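Data block below; observations after.
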Amino acid sequence: RAKRAGERSKRTDGHKHSHTRVDRRRRVMSMASRLSGAAGQAVVPSSAAARPTLGVSQRRAGASGATLGAKRSQFSSSSSSSPPRVVTASAAQGAGGKPLFVASVNSKTGSSSSGAGKQSGGGAGGMKENKDKVVFDPSMKVDKEAAKAIYIDMLRGRNFEDMCAQMYYRGKMFGFVHLYNGQEAVSTGVIGAMRGDDYVCSTYRDHVHAVSKGVPMGKVMAELFGKKDGICRGQGGSMHMFSAEHNFLGGFAFIGEGIPVGAGAAFQARYRRDVLGDESADQVCASFFGDGTCNNGAFYETLNMASLYKLPCLFVVENNKWAIGMAHDRATAPSMGDTEPYIYKKGPAFGMPGVLVDGMDVMAVRKVAEEAIARARRGDGPTLIECETYRYRGHSLADPDELRKPEEKEFYAKRDPIPKFRAFMLKEGLATEKEVKEWEKQVDDEVEEAVEYADASERPGKEQLLENVFADPSGFGISADGGSQSPNFP
């Protein structure tokens, strides 16, 4: 060892600063190049000359999706002495040659919307719409009372979140606050089609889901303010809303947490009905989550169990195209034969329908949700629903939102579900301009009252600090009022 140390000393003599940042970067680049080549050889045996690699410097420079796509295309077409067996798209078919992927939920009450297969003018950047997508169709009808409820619920969600932003910047609420602006058609379309005794599991973006489920707006705002009259007495905050009274099973800070919890709620409903003979136990559960969660193991495990036991579940993916700051197509691999990743196609792999729907249109979402709910209630099992939507604010109020392109934001701003449905109501004679303005004023007043309620509420006392933590706080030197039992401490 002493001899090797001496040799190293001689080699580095006069070069004490050789381990510079540049040298380290070169070593990392060299290692990444070797690893990338080795990985490529393991997947598709090919000659070294035909196998391209993507160095660290290229990735660090932010290679575009088109460049990465070209690399993949070049890589996949490289020569190989022993090409692997590839399952073609034609082989991935069900009985009778029918494709496994479906865009509808077949039910006794009818098939999917006739809007499936229509084009809605292309997506951001000229992207073509998927022909499977369920979009708005004139055959989708709604009466005046339902239209009023839909519009008011979406507006309540939007105005509530706008007020949350104001209160956050005024220092009324703390921590991370994730707003739902732009995605209201999903919450209203799904939860509005459910019964009051059905269950809902949310995410950290949970305020609007709670409001749509019937939780009083003042209680939600008070929780955000950290007040005693909040839905969780001020101890849950923005990401942990919960109401047993409303069967709202909570927001969850970590992605994927609510998916198995929702399956548990669905399981107990089916168990009570099938095993205990409770005919009233026909509740369903809708679990909401984002596109980033669909690469989480809990998602796949729960889909498997829900399909195995035919649980009355709705798995609702709110695909807003971004997982925090990661674009969806950079994080999720596409299915075989596709150039873009689609989450709804993961449903048939677990024996359940997968539905793609325009999440910026409340009527299309409502149509799909009604059919999925009917399917779940009659015991036919779960449905995976991918709602293509968009959030109009950053990931949270702490996010400067500098990663998304202005043209992308502008494209989705023109598809805002609330003014879109407002115009639909007026055109179809479902409401007058005067009626709509009255509803809008009512919602504004309700939001203002929620803030006043939250402001007037008291802050939690110290006695709440260890509640639901220790069965007997006195064993840890904590008095009943939350203070210390020791005379040496106040």
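The values are calculated or read from the model by the stated rules, or taken from the named source; none is laboratory data. Being a predicted model, the structure only gives us computed values, none of them experimental. For neighbour counting, all protein chains shown are included, and Cβ atoms are generated from backbone atoms with ideal geometry for every residue, glycine included. Note: areas computed on protein heavy atoms with side chains; ligands, DNA, RNA excluded. Shrake-Rupley method; radii C 1.70, N 1.55, O 1.52, S 1.80 Å.
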key: Ratio of Rg to Rh over region 131-289 (Cα coordinates, Kirkwood Rh, two decimals)   = 1.00
ask   = When the C-alpha atoms of region 272-322 are aligned to their principal axes, what extent does each axis show, in angstrom, from largest down?
value = 44, 18, 10
task = Measure up 310/345; 133/213; 148/321 against 22 Å on the Cα-Cα distance and list the ones that go over.
result = 133/213; 148/321
key: Area projected by the alpha carbon convex hull of region 155-199, averaged over all directions, nm²   = 4.0 nm²
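Quantify, in whole percent, the carbon and sulfur part of the accessible surface of region 334-375 (1.4 Å probe; protein heavy atoms only).
Percent of accessible area from carbon and sulfur atoms in region 334-375: 48.
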ask   = What figure in square angstrom, to the nearest 10, would you give for the accessible area of residue 366 with a 1.4 Å probe?
value = 50 Å²
ask   = Taking amide hydrogens as modeled 1.01 Å from N in the peptide plane, which residues meet the under 5 Å criterion relative to residue 323, leaving out close sequence neighbours?
value = 328
query = Restricting attention to region 143-248, which GluC sites (Glu not before Pro) occupy a DSSP loop and are surrounded by at most 15 other Cβ atoms within 10 Å?
reply = 245
task = Subtract the Cα-Cα distance of residue 427 and residue 272 from 0.36 nm times their separation in residues, and report this length gain in nm to one decimal.
result = 51.2 nm
Accessible surface ranking that places the most exposed of 428, 446 first, with a 1.4 angstrom probe = 428, 446
note = Of 267, 225, ordered by accessible area with the largest first and a 1.4 Å probe, the sequence is 267, 225
Residue-wise HN-Hα coupling along region 210-227, computed from phi with Karplus coefficients 6.51, -1.76, 1.60 (Hz; x: Gly, Pro) = 5, 5, 4, 7, x, 5, x, 4, x, 5, 5, 5, 5, 5, 5, 7, x, 9
ask   = How many percent of all Cα-Cα pairs in region 244-402 sit more than 27 Å apart?
value = 24 percent
request  = Using Cα centres only, tell me the gap between region 321-354 and region 370-448 in whole Å.
outcome  = 22 Å
task = Only loop residues by DSSP count here, and only those with at most 15 other Cβ atoms within 10 Å; note down the trypsin sites (Lys or Arg not before Pro) in region 297-346 that meet that.
result = none
query = Peptides 129-142, 164-177: what's the order by average Cβ count within 10 Å, highest mean first?
reply = 129-142, 164-177
Equivalent ellipsoid, region 206-335 (semi-axes from 5 times Cα gyration tensor eigenvalues, Å) = 25, 24, 10
query = If one computes P(r) from the Cα atoms of region 336-439, what percent of pairs lie at distances over 22 Å?
reply = 53 percent
